[in-house]
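None of the figures in this text is laboratory data; all of them are computed from the coordinates on show. Predicted model only: the values in this text are computed from it and were never measured. Glycine gets a Cβ as well: all are built from the backbone with ideal geometry, and neighbour counts include every protein chain shown.
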Amino acid sequence: MKNEFIPFQQALELKELGFYEECLFAYYGKSDLSNFKESDYELCGDRNNSSLKDGRVSAPLYQQVFRWFREKHNLYAVIIPTITMYWTFKTMTVVEGIVEVPPYNHVDGNDYSTYEEAELESVKELISIIN
């Protein structure tokens, strides 16, 4: 079940970008967020948006993050199977209903061995686009 949630580092970066959606879980730890070690944090139930209070960082589901990028920033990520039986991704911006359709002009040149790896790398790319 833990794999359904964005890892701590990306959850923290999303908070800094303004992700303030209600989440089922949060990362909770005792260290100062400015001097954190990811291993100091673990998932715990959190019905409220923790907003970085009390050492907690909301732990969104991948689905929530992809929806937030679509709705707030018009950014999309498409996870694509490759001919080598690996996975890759394409990020794109949608402006006034104009959507690029397959075959895509440019696709990330990296192959990831699992869908989940491609999913995480696409989230990292979307975060870097906003930064």
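Some observations on this one:
- Ordering Val107, Val65 by the number of other Cβ atoms within 10 Å of each residue's own Cβ, fewest first, gives Val107, Val65.
- Counting other Cβ atoms within 10 Å as a rough exposure proxy, the listed residues Tyr104, Tyr112 run Tyr104, Tyr112 from fewest neighbours to most.
- Label point distance in nm, Ser113-Leu17, each placed 7 Å from Cα along Cα→Cβ: 2.7
- 3J(HN,Hα) from dihedral phi, segment 76-90, Karplus parametrisation 6.51/-1.76/1.60, rounded to Hz, x for glycine, proline: 10, 10, 10, 8, 10, x, 9, 6, 8, 6, 10, 10, 8, 8, 10
- Site pair Thr93 and Lys124 shows an inter-label distance of 2.3 nm when each label is modelled 7 Å from Cα along Cα→Cβ.
- Annotation: amide H of Thr82 within the under-5 Å range of Trp87, Thr88, sequence separation 5 or more or interchain, hydrogens built in the peptide plane.
- You can think of it this way: the chain between Glu4 and Lys72 has 22.3 nm of extra reach, that is 0.36 nm per residue less the Cα-Cα gap.
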